[in-house]
Amino acid sequence: MGMSKKIEINTFINLEKRILVIRNKRVMIDNDLAVIYGVTTKRLNEQVKRNTKRFPENFMFHLTHGEKTEVVASCDHLAHLKFSSFLPRVFTEHGILMLANVLSSHRAISMSIQIIEVFIRMREMLMTHRELGIKLRELEQRVGKHDEDIQSIIAAIQQIIAAEEKPKRRMGFHAD
């Protein structure tokens, strides 16, 4: 495997670990995005505040205290947020793109493209899993119908066997 392919896979894995599911949405936390984009979290959030119209709630939202506690508990790399008085922002796929636009650095743009590619790959994997699930359900239904057929065949065979096991009446003259 070439070095470029290995770096691409490692980047994919590292970015994928940073994608969280909160409120049934795949999101990334502001702190992780700041590191990825090469800016401070403070600078990232300043840009968001300056461009609030670009970040509707389906692009970006603040975590609740409970969500923050859960994220800190489940993500070791975010332990430093435990004592922060601020509630972190999280960004959906569209918010990540918008964030790259408002930061407008070369690194932010190139990293946002990589992040979006990870989101796309994750979506493709989910679709593959859904398709497999549908096919498995169809197979189970077909096999279930065959089970009924197989059971009726087995019952018929058992009747034949039972009929053959009955003592047959002997025919003709028999000397005892």
Could you list, in sequence order, the residues of the stretch 81-97 that are part of a helix (DSSP H, G or I) and farther than 13 Å from ASP30 by Cβ?
-> LYS82, PHE83, GLU93, HIS94, LEU97
Subset of the stretch 35-57, residues without any contact (Cβ under 8 Å) to a residue 60 or more places away in the chain, hydrophobic (A, V, I, L, M, F, W, C) and part of a helix (DSSP H, G or I), comes to VAL35, LEU44, VAL48
Looking at the stretch 61-81, which of its residues are charged (D, E, K, R) and closer than 19 Å to ASN45 by Cβ?
-> GLU67, LYS68
Could you give every pair whose Cβ atoms fall below 7 Å, whose first residue belongs to the stretch 58-76 and is under 13 Å from ASP30 (Cβ atoms), and whose second residue is in a helix (DSSP H, G or I) and modelled with pLDDT of 90 or more, counting only separations of at least 6 or pairs across chains?
-> MET60/VAL48
Can you give me the number of residues within the stretch 69-86 that are surrounded by 13 or more Cβ atoms within 10 Å (Cβ to Cβ) and touching a helix residue (DSSP H, G or I) at 6+ places or on another chain (Cβ under 7 Å)?
-> 4
Does the stretch 68-80 contain any residue that is farther than 27 Å from ARG123 by Cα and at pLDDT below 85?
-> yes
Of a type in the set (Lys, Arg), touching a residue at least 40 places away in the same chain (Cβ under 8 Å), surrounded by fewer than 20 Cβ atoms within 10 Å (Cβ to Cβ) and over 15 Å from GLY38 (Cβ atoms), is that true of ARG107?
-> no
Any residue in the stretch 86-98 that's at positive phi: show its pairings with residues that are of a type in the set (Gly, Ala, Ser) and at pLDDT below 85 at Cβ separation under 8 Å, as long as the two are six or more apart or on different chains.
-> none
For the stretch 89-103, does any single residue satisfy the condition of being at pLDDT 70 or above, surrounded by 14 or more Cβ atoms within 10 Å (Cβ to Cβ), touching a His at 6+ places or on another chain (Cβ under 7 Å) and not aliphatic (A, V, I, L, M)?
-> yes
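The values are calculated or read from the model by the stated rules, or taken from the named source; none is laboratory data. This one's a predicted model, so the numbers in the text were calculated from it and none came from an experiment. FYI the Cβ positions are ideal-geometry reconstructions off the backbone, even for glycines, and counts take in every protein chain you see.
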